[in-house]
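Q: One structure, as structure tokens, below. Some questions next.
The values are calculated or read from the model by the stated rules, or taken from the named source; none is laboratory data. For clarity, every value in this text was computed on a predicted model and none was experimentally measured. FYI the Cβ positions are ideal-geometry reconstructions off the backbone, even for glycines, and counts take in every protein chain you see. All accessible areas refer to the heavy atoms of the entire protein, side chains included, with ligands and DNA or RNA removed. Shrake-Rupley method; radii C 1.70, N 1.55, O 1.52, S 1.80 Å.
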Amino acid sequence: MGFFTKNVPAKSGVANGSAITIIAEGNKFSGDMSIIGRMHIDGTFEGNISSLDNISIGKSGHVHGVVKANHITVCGLLEGEVVCDELEIDRGGKVVATVISKVMAIHPEGNFIGERRMKEVGVLEHTSPVESGVDAIDSLPDKVTIKADKESA
């Protein structure tokens, strides 16, 4: 397996001054990666990626595994599990995954196959009002709501 990582100085005027880590087309990488800064993948990555910043997957990029990041843009193929604040599937991009995100945007020529859920605390908050309409178990939603508030604090 070939592995290519290149740190490129950020363009002037970029606020965080971070570099971009690149896995180039034709190169393969597998394993677990934690990264601070942006990452662009045009090659193949299999494993887990955790980033405090943004990850982009180019047209020739293929990622299989668990991907956690702030913002993820997909022009290639992403398979597995995705946890992010924002997922953007561009033209030609394909995501086959379970997605947990606040925002998800799909270009008309992008593809998504899988399940999309909100963040865990958001699911509990959205479920409680529906359950509170059931008069027979009126006290149960109050308990669930209180528990959700404690977990989010």
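Q: Would you point out which residue out of 110, 80, 92, 114 is open to solvent by less than 20 Å² (accessible area, probe 1.4 Å) and modelled with pLDDT of 90 or more?
A: Values: 80 fails: open to solvent by less than 20 Å² (accessible area, probe 1.4 Å); 92 fails: open to solvent by less than 20 Å² (accessible area, probe 1.4 Å); 114 fails: open to solvent by less than 20 Å² (accessible area, probe 1.4 Å).
Sole residue among the options that is open to solvent by less than 20 Å² (accessible area, probe 1.4 Å) and modelled with pLDDT of 90 or more: 110.
Q: Let me ask something else about it. Restricting to segment 45-87, what's the tally of residues that are in contact with a Ser or Thr (Cβ under 7 Å, 6 or more places away or on another chain) and either of a type in the set (Ser, Thr, Tyr) or part of a loop (DSSP other than H, G, I, E, B) (or both)?
A: Residues flagged as in contact with a Ser or Thr (Cβ under 7 Å, 6 or more places away or on another chain) and either of a type in the set (Ser, Thr, Tyr) or part of a loop (DSSP other than H, G, I, E, B) (or both) within segment 45-87 amount to 5.
Q: Turning to a different aspect of this structure: Do we find that residue 85 is acidic (Asp, Glu), open to solvent by 10 Å² or more (accessible area, probe 1.4 Å) and under 17 Å from residue 22 (Cβ atoms) in this structure? Give the derivation first.
A: Details: acidic (Asp, Glu): yes; open to solvent by 10 Å² or more (accessible area, probe 1.4 Å): yes; under 17 Å from residue 22 (Cβ atoms): no.
No: the conditions fail for residue 85.
Q: Another question, then. Hey, can you tell me all the residues within segment 22-49 that are crowded, with 17+ Cβ neighbours inside 10 Å and within 17 Å of residue 84 (Cβ to Cβ)?
A: Across segment 22-49, the qualifying residues are 33, 38, 39, 40, 41, 45, 49.
Q: So for segment 88-99 (the condition being part of a strand (DSSP E or B), farther than 17 Å from residue 45 by Cβ and of a type in the set (Ser, Thr, Tyr)), does at least one residue qualify?
A: Just the residues of segment 88-99 that are part of a strand (DSSP E or B), to begin with: 88-89, 94-99.
Cutting the leftovers down to farther than 17 Å from residue 45 by Cβ gives us 88-89, 98-99.
Subset that is of a type in the set (Ser, Thr, Tyr): 98.
Scanning segment 88-99, I find at least one residue that is part of a strand (DSSP E or B), farther than 17 Å from residue 45 by Cβ and of a type in the set (Ser, Thr, Tyr), so the answer is yes.
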